[in-house]
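Inspection log for the structure reproduced underneath, given as C-alpha cells.
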Amino acid sequence: MNQNTTFTLVMLTVLGLLVGTLVYLSNRPQDSPGSTGASAAALGDQASPSPAPAELLVREDSRYLDRVEGAPVTVVEFLDFECEACRAQFPVMERIREDYEGRIDFVVRYFPLPGHTNSEPAAAAVEAAARQGALEEMYALMYETQAEWGESQEDQSEVFVGFAEELGLDVGEFTADMESQEVADRVRADFDDGVALGVQGTPTIFVNGYRTPSMPTYEMLASLIDAGLAE
C-alpha cells in the first residue's frame with residue numbers, strides 16, 4: 001500500500017467518525033422545557049418525554065395510600081382491580097411503598113377497563129371502603145383475592161360485601177355507598193382523567209408526572225424516585 005492510499009483511508013476514517021458524532025448529537029433526546037431533566041434522564045427514551053398536567057394526575061379528592069407533607073415525589077397509578085397485570089405489579093408497588101415510606105406520596109386512580117365485568121364494582125367497593133378509612137386494607141384484599149373472583153362473568157358485589165364484613169366495616173353504609181351514583185361518578189371521574197392523560201391500559205404509572213413504560217421494574221421506579229428526591 002502506497003502513502004497516498006494510506007492517507008486517503010485515514011481521511012475517510014476520520015470523516016466517518018465526524019459524521020457519526022454529528023448524527024448522534026442531532027438525534028439524542030433533549031430535556032423538556034421547564035424540566036430539571038432528572039426524571040426524564042432516568043427514563044431515557046422509554047417513556048413520556050415531558051410531565052403530564054398536574055391537575056389531571058391528582059385531584060383534590062384523589063385517594064392516597066401514602067401522603068407526606070411536602071413530599072418531593074408523587075407516584076400515581078391508574079389501576080384496575082380485575083387486571084391480572086395490575087396484580088402482578090402489586091408486589092413491586094408495595095415494595096416501593098415500604099422502601100420509600102415517609103418520603104413519597106402514592107396516589108391510586110381508578111381505571112376500570114370495559115372488558116372486565118367486575119372492574120367497576122371492585123373500584124366502587126374500594127372507594128366505599130375508603131369512605132370508612134379502609135382504603136389500604138380493601139385495596140390489598142382485592143389483589144390478594146383476585147384469583148377467586150376475577151374474570152367472572154357474574155356480578156361479584158356480594159363477595160365485596162363479604163370483604164367489608166371481614167374488615168369490620170359498617171356493612172349497611174358500605175353497601176349503600178358501593179351502589180350509589182355518587183361513588184359511580186367518583187370512579188368515572190378518575191377514569192375520565194386517565195383517558196385525558198392518554199391512559200389506554202393498566203397499570204399505567206407516573207412518577208412526578210412522567211409516565212413510565214408498561215410494568216416498570218422496581219429498579220426503574222427506584223431510579224426515578226431517587227432522581228426526584230435528589231432534586
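The values are calculated or read from the model by the stated rules, or taken from the named source; none is laboratory data. Since the model is a prediction, treat every value here as computed from it, not as a measurement. We place every Cβ from the backbone using ideal geometry, glycine too, and count neighbours over all the protein chains shown. For the accessible areas, the whole protein counts, side chains as well, though only heavy atoms, and no ligand, DNA or RNA atoms are used. Shrake-Rupley method; radii C 1.70, N 1.55, O 1.52, S 1.80 Å.
Quick notes on this structure:
- Tail weight of P(r) past 15 Å, computed on alpha-carbon pairs of segment 158-231, percent: 69
- Note on segment 71-130 and segment 142-201: Cα centroid distance 12 Å, given to the nearest whole angstrom.
- Rounded accessible area per residue of segment 67-109, 1.4 Å, Å²: 41
- Legend: calculated FRET efficiency, E173 to D226, from the Cβ-Cβ distance at R0 = 45 Å, rounded to 0.05, equals 0.60.
- Using a probe radius of 1.4 angstrom, the carbon and sulfur fraction of the accessible surface of segment 149-208 is 43%.
- With Rh defined as the Kirkwood radius, the inverse of the mean 1/r over Cα pairs, the Rg/Rh of segment 121-173 is 0.93.
- For segment 96-231, the gyration tensor built on C-alpha atoms gives a prolate shape. Its axis ratio a/c (a ≥ b ≥ c) is at least 1.5, and a/b is the larger of a/b and b/c.
- For the peptides 86-96, 171-181, the ranking by mean Cβ contacts within 10 Å, running from highest to lowest, is 86-96, 171-181.
- Between V195 and E219, full extension at 0.36 nm per residue minus the direct alpha carbon distance yields a gain of 5.9 nm.
- Label-to-label distance for Y64 and S50 is 2.8 nm, based on points extended 7 Å past Cα in the beta-carbon direction.
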